[in-house]
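These notes concern the structure reproduced below.
The values are calculated or read from the model by the stated rules, or taken from the named source; none is laboratory data. Predicted model, so just to flag it, every value in this text is computed and none were measured. No Cβ is skipped: glycine too gets one built from the backbone with ideal geometry, and neighbour counts run over all protein chains shown. What goes into the accessible areas is simple: the full protein's heavy atoms, side chains included, and nothing from ligands, DNA or RNA. Shrake-Rupley method; radii C 1.70, N 1.55, O 1.52, S 1.80 Å.
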Amino acid sequence: MKKIIRIILGLLLVGLIVFGIYKFFFDCQKVNTEFAKYFTLQEMDYAVIGDEVTLKLLAIDENKCLDNNCDYEGQDVVKFLIMNEHEIAYIKLGTLEESKKTVKDTDYAVELIRVDEKGATLEVTKK
């Protein structure tokens, strides 16, 4: 009986891992674009910029009205991965603070233009 339970739990664990890999790599939209052009992504979508950089949008978090009193505007925080042949970087950008960031050890800069119901609009530039 214990052996059957271990087999079922093992299969369940493998199934969850396969499902996670599918959601991260395959259940998303691809956008082809160039440097210095705006593009819009939904969560878990990715963009290939100039055939040398890939940007994967992981999450859009709304940090608005966390308290009972809403005296401040709040902001949207966009989390994504940016990858080229040699580097992978995890970056967070906000609509109020640090909306543009240069990727460390590369010559790329990422700017968050806006966040709306369609997703996050970004621009990647090359120095």
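What strands (runs of 3 or more DSSP E), lying completely within the range 1-62, carry at least 1 residues that are open to solvent by 80 Å² or more (accessible area, probe 1.4 Å) and in contact with a Leu (Cβ under 8 Å, 6 or more places away or on another chain)?
On the way: elements: 30-33, 38-41, 46-49.
So the answer is 38-41.
The condition of being over 26 Å from Lys100 (Cβ atoms) and under 15 Å from the mean Cα position of the chain (by Cα) holds for only one of Lys56, Lys23, Lys30, that being Lys23.
Could you list all residues from the range 81-100 that are open to solvent by 40 Å² or more (accessible area, probe 1.4 Å), of a type outside the set (Val, Ile, Thr), under 17 Å from Thr54 (Cβ atoms) and assigned to a strand (DSSP E or B)? Listed by number, the residues that qualify are Met83, Tyr90.
Out of the residues in the range 102-127 that are among the basic types (Lys, Arg) and within 21 Å of Met44 (Cβ to Cβ), which is least open to solvent (accessible area, probe 1.4 Å)?
Among those residues, the one meeting the criterion is Arg114.
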